[in-house]
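Contents: one structure, followed by commentary.
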Amino acid sequence: MATYGRSKEIKNFLNSLKNQTYKNFELIVIDQNEDNKVYEIIKEFENGFEIKYFKVNFKGLSKSRNYGINYISGDIIAFPDDDCEYPENLLENVLKFFEKNHYDILSIMAIDKDSEKENLNRWLKFSSIVNVFNILRTISSPCLFIKLKTKSDIFFDESFGVGSSFPSAEEMELIFRLLKKGYKGYFERNLFIYHPYKEDSKERAYHYGIGMGAFFKKHLKNDIRLLFPFVENLIIRPIGGMIINGITLRKEKFLKNLYGFIGRWKGFLSYDNNW
């Protein structure tokens, strides 16, 4: 768990870990803050379960996760956000999934704890094998559980993710590479974490779009299967949304589609991989 700028939410997450029915796990904390608030919270829980705490002098979500990956000792790795919570039987159910199924990656749902709304509008509406065509609708980093095979496979491209040049899509970029290596993934809608619902805004659509566009620029030329999701997400969906919401005079939704469209193409055009 990489963390920056939060404290109360971290305590909620640690309480949810303390209450897990499955107890054989470790938490690796990468603290990017200048103060010691996170460390003071961690000390309250250090007798409840194993915690490895590291304070770093850099910022960046993917860089922090890569730092923490070096210290893992378990068989399954997850990347919780510092504002999420786990239902008390989640880790037990995750372990059962891997014991009963021949998959290397499990992706699950995220819902808002108070409203029980899905925290993203893009979730696929049915459980499914994860593939190149649905990866954008089945993957979110705090919802991922990956069976550790070769540690060197599990690393994030540090140009993606919060605090980087392309501030999103780090999880899609990672899972796409793992699928190319032969990893098998499954999206299970019946399992979930709690993660706060955040209202979409034009600014949010813009910043998330930048990472998406860069993801397609990085990988499209090496995998023609990405052509359909590229056309769908960089052309059809945003332009279609602008047309529909423009005709129906829904200004706010029109602007979200417009800013998302601009962000996606900014990411695509600004990512340099020697096309």
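The values are calculated or read from the model by the stated rules, or taken from the named source; none is laboratory data. For clarity, every value in this text was computed on a predicted model and none was experimentally measured. All Cβ positions, glycine included, derive from the backbone under ideal geometry; neighbour counts span all protein chains shown. The accessibility values were calculated without ligands, DNA or RNA, using every heavy atom of the protein model including side chains. Shrake-Rupley method; radii C 1.70, N 1.55, O 1.52, S 1.80 Å.
Evaluated against (1) farther than 30 Å from LEU91 by Cα; (2) out of contact with any Ser or Thr (no Cβ under 8 Å at 6 or more places or on another chain), ILE193 falls short on exactly one condition, (1). Residues in the stretch 15-36 that are closer than 15 Å to MET1 by Cβ and either in contact (Cβ under 8 Å) with a residue 60 or more places away in the chain or surrounded by fewer than 16 Cβ atoms within 10 Å (Cβ to Cβ) (or both): ASN15, SER16, LEU17, LYS18, GLN20, PHE25, GLU26. Counting only helices (runs of 4 or more DSSP H) wholly contained in the stretch 208-275, no element carries 2 or more residues that are over 21 Å from LYS180 (Cβ atoms), touching a strand residue (DSSP E or B) at 6+ places or on another chain (Cβ under 8 Å) and open to solvent by 50 Å² or more (accessible area, probe 1.4 Å).
Cβ separations smaller than 6 Å between residues 6+ apart or across chains give the following pairs from the stretch 165-186 residues that are at pLDDT 95 or above to residues that are surrounded by fewer than 21 Cβ atoms within 10 Å (Cβ to Cβ) and β-branched (Val, Ile, Thr): TYR186/ILE129. Residues satisfying the criterion are present in the stretch 65-82 (criterion: of a type in the set (D, E, K, R), within 25 Å of LYS147 (Cα to Cα) and open to solvent by less than 20 Å² (accessible area, probe 1.4 Å)).
Being out of contact with any helix residue (DSSP H, G or I) (no Cβ under 7 Å at 6 or more places or on another chain) and surrounded by fewer than 24 Cβ atoms within 10 Å (Cβ to Cβ) is a property that holds for TYR197.
Of all residues in the stretch 42-64, exactly one satisfies the criterion of being small (Gly, Ala, Ser) and either over 21 Å from the mean Cα position of the chain (by Cα) or open to solvent by 30 Å² or more (accessible area, probe 1.4 Å) (or both), namely GLY48.
Taking the criterion of being in contact with a Ser or Thr (Cβ under 9 Å, 6 or more places away or on another chain), surrounded by 15 or more Cβ atoms within 10 Å (Cβ to Cβ) and assigned to a loop (DSSP other than H, G, I, E, B), the residues of the stretch 135-160 that qualify are THR138, ILE139, SER140, PHE156, ASP157, GLU158, SER159. Scanning the stretch 103-131 for residues that are aliphatic (A, V, I, L, M) and open to solvent by 40 Å² or more (accessible area, probe 1.4 Å) yields one hit, ILE129.
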